[in-house]
Amino acid sequence: MSFALPPYAELLGITIERGKGPPILDMPFGSGVLGRPGFVHGGALSGLLEMAAVAALRHALAAEDREGARIKPVNVTVDFMRGGREKVTRAQGKVSRLGNRVANVEAFAWQDDPDRPVAAARMNFLIG
């Protein structure tokens, strides 16, 4: 799988951990993602989740030899579960349905333990 994250990901300092499954994205804590003192801004968390969902979908499309497919987000729902603190936040997406024209993707963000997410998102994409 080879794709570049969009400039917004670079603005947030997001990097990709490559592995066998969908990529895990890392976002370091810093002034660029600071919300209220000591916490990650909700917009930065939402951006991380969106990038993780896109990365997971790109990974799934590449596995089906559809790497060049265009994707367009249709909607997103984000649930904030707890405040992200002053540490690295990770996120990973999971494609729950991949059809010819539509994909449904979930993404989860965590800090210390993947089983204790700080936020989650569900996104639907059109595939062209």
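Relative to the present Cα-Cα distance, how much length would full extension add between I127 and M81 at 0.36 nm per residue of separation?
On the way: separation 46, 0.36 × 46 = 16.56 nm, distance 2.98 nm.
Net length gain for the segment: 13.6 nm.
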Alpha-carbon Rg with Dmax, taken over the chain, Å = 14.0, 45
Could you name the lysines whose alpha carbon sits less than 29 Å from that of K72, not counting residues in the same chain fewer than 8 places away?
-> K20, K94
Within the accessible area of the chain, what % is carbon and sulfur when the probe is 1.4 Å and the other protein chains stay in place?
-> 50 percent
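If you stretched the chain out fully between D115 and R36, how much longer would it get, using 0.36 nm times the residue separation minus the C-alpha to C-alpha distance?
Numbers: separation 79, 0.36 × 79 = 28.44 nm, distance 2.47 nm.
Stretched out fully, the D115 to R36 stretch lengthens by 26.0 nm.
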Run the numbers on the chain and let me know its relative contact order in percent, using alpha-carbon pairs under 8 Å that are six or more apart.
-> 27 percent
Once all Cα-Cα distances of segment 61-128 are split into 5 Å bins that start at 0, what whole-number percent is in each one?
-> 4, 16, 23, 20, 13, 13, 9, 2, 0
Amide H neighbours of V40 under 5 Å, counting only residues 5+ apart in sequence or on other chains, H built in-plane at 1.01 Å?
-> G35, G84, R85
Check V88: other-chain or 5+ apart residues with amide H under 5 Å from its amide H, H built from backbone geometry?
-> F29
Which value in nm describes the separation of the simple spin-label points at K20 and R66, placed 7 Å from the Cα toward the beta carbon?
-> 2.4 nm
Per GNM of the chain with C-alpha springs under 10 angstrom, the most fluctuating residue out of G68, G83, G30 is G68
Hey, what do the phi angles of segment 113-127 turn into as Karplus ³J(HN,Hα) couplings, whole Hz, using 6.51/-1.76/1.60 and θ = phi - 60°, x for Gly and Pro?
-> 9, x, 7, 10, x, 8, 7, 9, 9, 10, 10, 10, 10, 8, 10
Treating the angle as unsigned and between 0 and 90°, give the value, to the nearest 10°, between the Cα long axis of helix 42-63 and the longest Cα principal axis of the chain.
-> 30 degrees
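The values are calculated or read from the model by the stated rules, or taken from the named source; none is laboratory data. All figures in this text were calculated on a predicted structure; none of them were measured in a lab. Cβ sites come from the backbone with ideal geometry, for glycine too, and all protein chains shown count toward neighbours. What goes into the accessible areas is simple: the full protein's heavy atoms, side chains included, and nothing from ligands, DNA or RNA. Shrake-Rupley method; radii C 1.70, N 1.55, O 1.52, S 1.80 Å.
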